[in-house]
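First up is the structure itself, then whatever we jot down about it.
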Amino acid sequence: MNLPEQLYLLACDPERRRVPERDKLGRVLRAAALTDLVLRGGLTDADGRPVTDSVKPTGDQLLDEVLAEVSRDKPRKWRAWVSRNHRPMLKQVQANLARTGAISVRQRRVLGLFPVDEVTVHDAVARERLRERVRGVVIEERTGAAEETALAALAATGELRLVLTARERRQHKTHIKELLAAVGPAGPALRKVIDGLKAAHSAAVHGGGG
């Protein structure tokens, strides 16, 4: 699996059969796709923007689509690419996992009105093993293989609470920053996006109460 697919599974709640905070997750998956391309050598940084000299296919359809998107569009900062098309990214990753049999998705309606995707993870044991490996990189304050380091950095930065609690993220804040710096520009860009979402939410709450 590519990094976005693994992070989607980490975000799943197997017991409740749901994926919380889907809007935020889409941005985490975009950052994961960009990071995956950096690790594979498909993207590099130029003046705070992702660039590619040639669109050499990775063999992964989802990643190749992101690579082509970056190559044909105008230069944008990493932060813009993290937020760009985040909803289609979430749907595509979910569809890919369903197609390969990693999950199954059934739509139901809350209160008979609001459609919600019910997601069943078919190998919960494998997901839990992945979760423990990713947690270990943070909790044990070590640097794992490039893929594990990236998963840990993005899961922590994206605040996937089924992977790490808020307290654990605070306790290992310095190490998380080190991990983030090691996986390329998309990670710090995701941090800015998440901070922006939290600030907007806080403003809306306090504005509504004012």
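The values are calculated or read from the model by the stated rules, or taken from the named source; none is laboratory data. These numbers were taken from a predicted model, which means no experiment stands behind them. Backbone-built Cβ (ideal geometry, glycine too); neighbour counts: all protein chains shown. We work out accessible area using only protein heavy atoms, side chains counted, and drop any ligands, DNA or RNA first. Shrake-Rupley method; radii C 1.70, N 1.55, O 1.52, S 1.80 Å.
Go through PHE114, ILE176, LEU154 and say which Cα lies farthest out towards the positive end of the charge dipole of the chain; charges sit on Cβ, +1 for Lys and Arg, -1 for Asp and Glu.
Of the listed residues, the answer is PHE114.
Let me have the relative contact order for the chain, percent, based on Cα pairs under 8 Å that are six or more residues apart.
That works out to 26 percent.
Grab the DSSP H runs of the chain that are 4 residues or longer, score each as -39,500 (n - 2.57), total them, divide by all residues and round the 222 nm result to the nearest 500 deg cm²/dmol. Write out the running numbers ahead of the final one.
On the way: 10 runs with 128 residues, N = 210.
It comes out at -19000 deg cm²/dmol, rounded to the nearest 500.
Quantify, in whole percent, the carbon and sulfur part of the accessible surface of the chain (1.4 Å probe; protein heavy atoms only).
Carbon and sulfur atoms account for 50 percent of the accessible area of the chain.
Could the peptides 91-97, 19-25, 142-148, 182-188 be put in order, highest first, of the mean number of other beta-carbon atoms found within 10 Å of their residues?
Details: 91-97: 19.1, 19-25: 17.0, 142-148: 14.9, 182-188: 23.0.
Top to bottom by mean Cβ count within 10 Å: 182-188, 91-97, 19-25, 142-148.
Which of rounded, prolate or oblate describes the chain when judged by the alpha-carbon gyration tensor and an a/c cut-off of 1.5?
Rounded, because the longest to shortest axis ratio a/c is under 1.5.
Keeping all protein chains in place, calculate the accessible area per residue for the chain (probe 1.4 angstrom), answer in Å².
52 Å²
Find which of ALA189, LEU9, ALA204 sits farthest along the positive direction of the dipole of the chain, computed with +1 on the beta-carbon of Lys and Arg, -1 on that of Asp and Glu, about the Cα centre.
Ranked along the dipole, the leading option is ALA204.
Can you list the residues, at least 5 places off or on another chain, whose amide H is less than 5 Å from the amide H of GLU118, using H built in the peptide plane?
Under 5 Å from the amide H of GLU118: ARG106, GLN107, ARG108.
Relative to the present Cα-Cα distance, how much length would full extension add between GLU65 and ASP47 at 0.36 nm per residue of separation?
Full-extension gain reported as 4.2 nm.
With only Lys, Arg, Asp and Glu charged, each at its Cβ (+1 for the first two, -1 for the last two), find how big the charge dipole of segment 65-159 is about the Cα centre; round to the nearest 20 debye. Present the calculation step by step, with values, prior to reporting the outcome.
Numbers: 18 positive and 13 negative charges, 102 e Å.
The calculated dipole for segment 65-159 is roughly 480 debye.
Quick one: Cα centre-to-centre distance for segment 2-22 and segment 39-60, in angstrom?
Rounded to whole Å, the Cα centres lie 26 Å apart.
Please enumerate, by chain and number, the lysines with C-alpha under 19 Å from the C-alpha of LYS177, excluding those fewer than 8 residues away in the same chain.
LYS192, LYS198
Determine the dipole magnitude for the chain: charges of +1 sit on the beta-carbon of Lys and Arg, -1 on that of Asp and Glu, nothing else is charged, the reference point is the Cα centre, and the result goes in debye to the nearest 20.
Dipole size: approximately 700 debye.
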